[in-house]
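See structure below.
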Amino acid sequence: MLRIGGKEVSRGQRASIEIPVGRMPTQVMVTIPVRVLHGAEDGAKLWLSAAIHGDEINGVEIIRQVLETLDPGELRGIVVAAPIVNVFGFSVHSRYLPDRRDLNRSFPGSRKGSLAARLAKILMDEVVDPCAYGIDLHTGAAGRMNLPQVRCNLEDEETRRCAEAFGAPLMMHSAGPGGSVRRVAVSRGKRVLVYEAGEVLRYNPVAIKVGVDGVLGVMMALDMIDPRPRISAVTPVPSYRQKWVRAQRGGIVHIQVELGERVVRGQPLGVIADPMGESEFPIRAPGEGYVIGVITNPLVHRGDAVLHIALVDRPATEDTEIRSQLNKPLSDANEAMQLPAEPANGSAKGGES
Ligand SMILES: [Zn+2]
């Protein structure tokens, strides 16, 4: 019998569970909303989490769309979905908890610690520990935009198989920061992917499309669902090292490359200018790789991270062009976002964000 948040979920059932966290000063009870799908047949156990950083909302929409398509009667295994983990930050559009702690540096947490520690402990006990696989959904931090990418331990064969099945343009080898749910879950033997795409407080259609297809792709690879068509999946390029390009001086950045663009060592990526048009200082690529993150606020101080580059060993000619791979899901997603033709007296609807 599957038991989550004190509630039993039988085979072939979908359950809505509210896991209590504590009271607001107003005495309203705060809960983490969780959906559990217990498949009709045995299979892999997978958790999905999003908004551990409360302002990273693309993952919330990814989980919503994934849940819409799943039927526990046709599922093999178990899905435990926690689309809004940091319920406090989410409600006030903030990355952090009310005391400014970062939840994703607070795992595994504890029953008697800070609010962050308690929230982390609840997620570990009720969502992570019952599962063998996990996908944690994130976006770039405030002021940054990320190319859709998977971060995981590429040296573990099964994790790598999942990363390939996700089908994001890049898969990057890393351990994750100390105190992150990924790092702690991996230390407990779980196979975990972090998906990073888009930016905070905005729905990025491509990030969402690639994410939904990615989660379903992993579920197919784990034989949890029957094969279905996917639009955005590509063969991911592996990267074992990433580098931040930092501003050598304060100024106003003009970026001259796009997310996903292939760059070579020394290539100009943009300039840092002054507001009077009197000087321009070039920013150059630190090595061979792909642009995977870019600043969205052009005003920088000396030392600010401006671009994030995934370094790759092979020469540019051997790599498939990621940007062209992304064009297809981009145009499909754009099409899906188009407003429907407006009837003469009707009201427009359908546009998101
Ligand atoms: Zn995050």
Out of all the residues in the stretch 51-81, which are outside any helix (DSSP H, G or I) and within 16 Å of the ligand (Cβ to nearest atom)? A51, I52, H53, G54, D55, E56, I57
In the stretch 99-121, residue nearest to the ligand (Cβ to nearest atom) [restricted to those that are farther than 29 Å from A165 by Cα and touching a strand residue (DSSP E or B) at 6+ places or on another chain (Cβ under 9 Å)]: L119
Would you mind finding the one in G167, G214, G140, G198 that is farther than 16 Å from T235 by Cα, crowded, with 19+ Cβ neighbours inside 10 Å and in contact with a helix residue (DSSP H, G or I) (Cβ under 6 Å, 6 or more places away or on another chain)? G198
Can you find a residue in the stretch 109-116 that is in a loop (DSSP other than H, G, I, E, B), within 22 Å of the chain's Cα centre (by Cα) and either closer than 21 Å to V186 by Cα or assigned by TED's automatic domain parsing to the domain that holds M145 (or both)? yes
For the stretch 226-330, please list each of the strands (runs of 3 or more DSSP E) lying entirely inside it that holds at least 2 residues being at pLDDT 95 or above, of a type outside the set (S, T, Y) and not assigned by TED's automatic domain parsing to the domain that holds Y195. 241-246, 251-255, 268-273, 280-284, 289-295, 305-311
Within the stretch 102-116, how many residues are of a type outside the set (S, T, N, Q), out of contact with any Phe, Trp or Tyr (no Cβ under 8 Å at 6 or more places or on another chain) and surrounded by fewer than 20 Cβ atoms within 10 Å (Cβ to Cβ)? 5
Filter the stretch 129-183 down to residues that are touching a Ser or Thr at 6+ places or on another chain (Cβ under 8 Å), more than 16 Å from the ligand (Cβ to nearest atom) and not in a loop (DSSP other than H, G, I, E, B), then give me how many there are. 4
Just one of (1) touching a Gly at 6+ places or on another chain (Cβ under 7 Å); (2) part of a strand (DSSP E or B) trips up G22, so point out which. (1)
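Mind telling me which of the residues V200, V215 ends up being within 16 Å of the ligand (Cβ to nearest atom), closer than 29 Å to S91 by Cβ and β-branched (V, I, T)?
That would be V200, the only listed residue that is within 16 Å of the ligand (Cβ to nearest atom), closer than 29 Å to S91 by Cβ and β-branched (V, I, T).
Return the only residue of R95, R105, R151, R76 being modelled with pLDDT of 95 or more, among the basic types (K, R) and in contact with a Pro (Cβ under 7 Å, 6 or more places away or on another chain).
None of the other options fit; the residue is R105.
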So Y96 clears everything in (1) away from the ligand (no atom under 16 Å from the Cβ); (2) out of contact with any Cys (no Cβ under 6 Å at 6 or more places or on another chain); (3) not aliphatic (A, V, I, L, M) except one condition, right? Which one? (1)
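The values are calculated or read from the model by the stated rules, or taken from the named source; none is laboratory data. Worth saying up front: this structure is predicted, and the values here are computed from it rather than measured. As a convention, Cβ positions derive from the backbone with ideal geometry for all residues, glycine included, and neighbour counts pool all protein chains shown.
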